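**Q** There's a structure below that I have some questions on.
Taken together, the values in this text are just the output of simple stated rules run on the coordinates, not laboratory data. Treat the numbers as computed from the prediction; the structure is a model and nothing was measured. Please note: Cβ atoms are built from the backbone with ideal geometry, for glycine as well, and neighbour counts cover all protein chains shown.
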Amino acid sequence: MVTGSGSELVDSVMCVFRLGAFVTPVRTSVTTSPAPSSCGQLPELMATVAVVPLLVREPPQDWPVVLSVTSTLPLGGMPVPAGRVNEIVEPGSALPRAALYDSNRYLLAALLARYGVEVTDLGILSDDTKELARGLASAAANHDLVLTSGGVSTGEADHVRDAVESVGRLVFWRVAIKPGRPVAMGVIPGSNNGEGAAFAGLPGNPVAVFVTFVRVVRPLLLRLSGALPEPLLAMPARATFSHKKRTGRREYVRVALRTAPDGVIEAIKYAQDGAGILTSLTETDGLAELPEDVTKVEPGDSVGFLSYASLLG
């Protein structure tokens, strides 16, 4: 699934784009602010509307992995020219025009809390290659894993790749999955010879962050802790939707389950496909995994279903 130079899975360059194809409209994550009592909602969903939850939990004492988490600018490859406000701001602060609250760090913090890892929050790093390189190198000095979100695509101000390569090396960049193609993994040397940290750079859109976390970061966390991830076994479900996809790419479609009158479990596709729509995670049960050789799904077809519980272990 890894794409790179010479790989047959590298997507061809498209020269004609639909107007607005790479623009995420404001307020696509939620239609109304979640009520303060919505404790079952993901913390990052609350962060998008500046509701900052306070989570208190005693971490397990037997997990050795120590990692740092940061969000980088800009999100999703949108350039932030000099003199403009940061596109990503802390929840609870004033929200400038064309800016978004940082939800990814809340999402990652909530996911990582499930595994009891010790997390250092590095906050939001600006879209400057040298500043990013300094921050990543500093984090690698005393952490097992450096985890970032945003800034790994191909936009003018996506500098994470250059920053990592200036202080370490990338093992791969981009994988043939959707959502989550612009994901990177590498190694950043530490201050002592023979020591260093693994690096994982996740996309900027929250749904892509979730998908790449469960499919890329979680197995890495298990290996760093000395465990071996178990292969995921997809449950068959009957599709109620039509869907077209590109060959050579694995896709994950957000679906809810229901039992049909004939007793068969059916998968219902979430109405909106955008990778920035957080409610597509909170209002569904899991992901329908469509393999590389599948190009379309029609109602009645069997699809492999991965529940969120199984993806998170």
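**Q** Need one number: nm distance between label points at M235 and S310, each 7 Å from Cα along Cα→Cβ, rounded to one decimal.
**A** Modelled inter-label distance: 0.7 nm.
**Q** So if each residue of separation counts as 0.36 nm, and I subtract the Cα-Cα distance between V187 and L257, what length gain in nm does that give?
**A** Details: separation 70, 0.36 × 70 = 25.20 nm, distance 3.95 nm.
That works out to 21.3 nm of additional length.
**Q** Let me ask something else about it. May I have the pair-distance distribution P(r) for the range 127-180, computed from all Cα-Cα distances with 10 Å bins from 0 and rounded to whole percent?
**A** 22, 55, 21, 1
**Q** Additional query: Can you spot the lysines whose alpha carbon is less than 20 Å from K269's alpha carbon? Ignore those fewer than 8 places along the same chain.
**A** Those lysines meeting the cut-off are K178, K244, K245, K296.
**Q** Compare the peptides 222-233, 162-173, 277-288 by average per-residue count of other Cβ atoms within 10 angstrom and give them in order, highest first.
**A** 277-288, 162-173, 222-233
**Q** Also, quick follow-up: Counting other C-beta atoms within 10 Å, and keeping those with at most 14, which DSSP coil trypsin sites (Lys or Arg not before Pro) do you find in the range 103-157? Don't jump to the answer; show the numbers that get you there.
**A** On the way: sites: R105, R114, K130, R134; in loops: R114.
Answer in residue order: R114.
**Q** Right, here's the next one. Averaging sequence separations of C-alpha pairs under 8 Å and six or more residues apart, then dividing by the length of the range 163-280, give the relative contact order as a whole percent.
**A** Values: 159 pairs, mean separation 25.4, N = 118.
Value for the range 163-280: 22 percent.
**Q** Now for a separate question. Any number yet on Rg/Rh for the range 235-312, C-alpha, Kirkwood?
**A** Details: Rg = 11.9 Å, Rh = 12.7 Å.
Value, to two decimals: 0.94.
**Q** Can you pull the semi-axes for the range 128-286, root of five times each eigenvalue of the Cα gyration tensor, sorted largest first, whole Å? Numbers along the way, then the final one.
**A** Numbers: eigenvalues 248, 64, 29 Å².
Three semi-axes, in Å: 35, 18, 12.
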